[in-house]
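Worksheet for the structure shown next.
No lab work stands behind these numbers, since they all come straight from the coordinates. Bear in mind the structure is a predicted one, so any value in this text is a computation, not a measurement. Cβ coordinates were reconstructed from backbone atoms using ideal geometry, including for glycine residues, and neighbour counts include every protein chain displayed.
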Amino acid sequence: MAAVDGAARDSRYADQRHYVVPTNLADLHGPAGGQVTLDRSLDWSGHSTYDLDDPGDLQVMYQTVLNQAATTDDLSRWLNADILRRVWPLLWLPARMRALWQARFPELPDPVTRELTSRTKRRGRTRSCRF
């Protein structure tokens with residue numbers, strides 16, 4: 001049975017949520033360090049200033065921008081491609097968003113694969129595990 005907006009009655013918000021994904025990671029040329037204050041449209045918490053030299057602040061800022069971006073301009077202004085590649089496995093993101101980004105950019109590592117691969121390499125094994 002369809003709802004008025006075309007979504008199935010039993011569909012979840014997470015299945016309908018729109019996420020912005022850029023065409024190319026090279027388009028992401030945001031700041032690489034220092035303090036930044038996100039626009040109110042991205043972070044309305046009242047604590048929208050982040051120190052990108054602090055790993056915790058960096059992670060929260062990237063999660064916020066990825067979740068709240070309405071346009072690719074938001075992404076390119078605030079995210080840096082090299083930093084995104086580095087922190088991607090550490091970010092807490094909705095599964096659907098992560099899948100959309102990884103479908104377009106297979107070079108972004110799956111968190112489970114990266115963790116298990118590095119663990120097995122430390123133990124002298126070369127194979128990676130994937131669930």
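Within 10 Å, count the other beta carbons around each residue, average over each peptide in 72-85, 93-106, and list them highest first.
Working: 72-85: 17.8, 93-106: 14.3.
Put in order of decreasing packing, that is 72-85, 93-106.
Go through 17-26, 60-69 and give me the packing order, highest mean Cβ count within 10 Å leading. The partial results should precede the final answer.
Values: 17-26: 13.0, 60-69: 19.7.
My ranking of the peptides, most packed first, is 60-69, 17-26.
Between rounded, prolate and oblate, where does the range 24-95 land on the alpha carbon gyration tensor, with a ≥ b ≥ c its root eigenvalues, rounded for a/c under 1.5, else prolate if a/b exceeds b/c?
Details: a/c = 1.25, a/b = 1.12, b/c = 1.11.
Note, shape of the range 24-95 comes out rounded.
If R0 is 30 Å, what FRET efficiency do you get for THR37 and ASP82 from their C-beta distance, rounded to 0.05?
The computed FRET efficiency comes out at 0.85.
Hey, can you grab everything whose amide H is under 5 Å from the amide H of ASN80? Only 5+ residues off in sequence or another chain; H modelled, so Pro and N-termini drop out.
Residues meeting the criterion, in which the H sits 1.01 Å from N, are GLY30.
What are the ³J(HN,Hα) couplings of the range 73-82, residue after residue, when phi is run through the Karplus curve with 6.51, -1.76, 1.60 and θ = phi - 60°? Round to Hz, x for glycine and proline.
Going residue by residue, I get 4, 4, 5, 5, 6, 10, 9, 10, 4, 5 Hz, with x marking Gly and Pro.
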